[in-house]
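All remarks here apply to the structure that follows.
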Amino acid sequence: MAIVLIGIDDTDNATSPGTGRLARRLAEEIEERGTKVHGITRHQFLLDERIAYTSHNSGACLAIEWNRPLGDLDFAIDLISDWSAEGSDPGICIAFRDGVAPDIIQWGWAATREVLSRDGAIALARAHDACLRPLGGNGDGIIGALAGVGLRADGNEGRFLDLPGLRMLAEFVDIRELLEIGIQVDHRTPVGAAHDRLRYKTMNWVRPRLVGGQPVWPVEWNEDEHAWIPVDRKRSRPLE
């Protein structure tokens, strides 16, 4: 089964739900149509005063199983266009993961450290026959949408906003529950004999990093909790 990536960006305004929330809504719609979603990742782009963004300048990317033409995903384009907030500059990119060109991956990494242009995104998408659509406003969201697809295809930047079962995890879990939903655990402090390897405190916010194409959750031992706790704490916009 082929994997298709759907990158979206600049879908919100200062008072609306964030792009991450919209990505989760799209995932729900896709699942209702009988397609499996392999998680949603958040990708952080450059923070710079020359770039117009709502809060964090981050985009989202869905990975889904897909065995039909990309044109059959036009409904996703229509939904994001309809759902995007007033005054936003949304964009969407859709591509088969295995067909993402190295130049698009490089574009994704460039977006983490450089100010990029809408014209550059359009030219790159045309050169590699990628589906890239501005959906309103000035269309600047295509810059991050293309970058999100590139970074998700590379598999080494970003964090998971959602995975099947991720948001069902309780405050305390054991490693078997994490492995069952595909999360690899990265212990950042030495695992001593006194440490209970099966006791993890989620702090009700598990957002694994995207490493080697897989969800990896960095944790550190906390003596007060007598448990492993997340290295990454909640800092994201509440609406995401």
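General remarks:
- Calculated FRET efficiency, Leu47 to Arg118, Cβ-Cβ distance, R0 = 22 Å: about 0.75 to the nearest 0.05.
- Farthest toward positive dipole pole in the chain [+1 Lys/Arg, -1 Asp/Glu at C-beta], among Trp66, Asn204, Gly20: Asn204
- Extension gain for Val231 to Val185 (0.36 nm times residue separation, less C-alpha to C-alpha distance): 15.4 nm.
- Point-to-point label distance, Val216-Ala2, nm (Cα→Cβ direction, 7 Å offset): 2.9
- Less than 5 angstrom separates the built amide H of Gly39 from those of Ala63, all sequence-distant by 5 or more or on a different chain.
- When each of Lys201, Lys36, Lys234 is scored by the number of other beta-carbon atoms lying within 10 Å, the sequence from fewest to most is Lys234, Lys36, Lys201.
- Summed over qualifying helices (DSSP H, 4 residues or more, each -39500 (n - 2.57)) and divided by its residue number, the chain shows a 222 nm mean residue ellipticity of -8000 deg cm²/dmol.
- Angle in degrees between helix 19-32 and the longest Cα principal axis of the chain, rounded to the nearest 10: 90
- Virtual spin-label span in nm between Lys36 and Ile77, 7 Å along Cα→Cβ: 2.7
- For region 168-230, the dipole from Cβ point charges (+1 on Lys and Arg, -1 on Asp and Glu) about the Cα centre works out to 240 debye, to the nearest 20.
- Sequence-separation-based contact order of the chain, relative, with Cα cut under 8 Å and 6+ spacing, percent: 22
- Considering only the chain, percent of DSSP beta bridges that pair antiparallel, nearest 5: 90
- Net charge dipole, the chain: roughly 340 debye, given to the nearest 20, about the Cα centre with Cβ charges of +1 for Lys and Arg and -1 for Asp and Glu.
- Cα-based helix-to-principal-axis angle, 102-111 vs the chain, degrees rounded to 10: 70
- For the chain, the longest principal axis of the C-alpha atoms and the axis of helix 118-127 are separated by about 90°.
- Choice from Ala76, Ala153, Ala123 with maximal GNM fluctuation in the chain (Cα, 10 Å cutoff): Ala123
- Calculated FRET efficiency for the pair Glu171/Trp109, C-beta based, R₀ 45 Å, to 0.05: 0.80
- Relative contact order, percent, region 168-230 [alpha-carbon distance under 8 Å, six or more residues apart]: 38
Only the coordinates and a few stated rules stand behind these numbers; no lab work does. The structure displayed is predicted, hence computed values, not measured ones. Backbone-built Cβ (ideal geometry, glycine too); neighbour counts: all protein chains shown.
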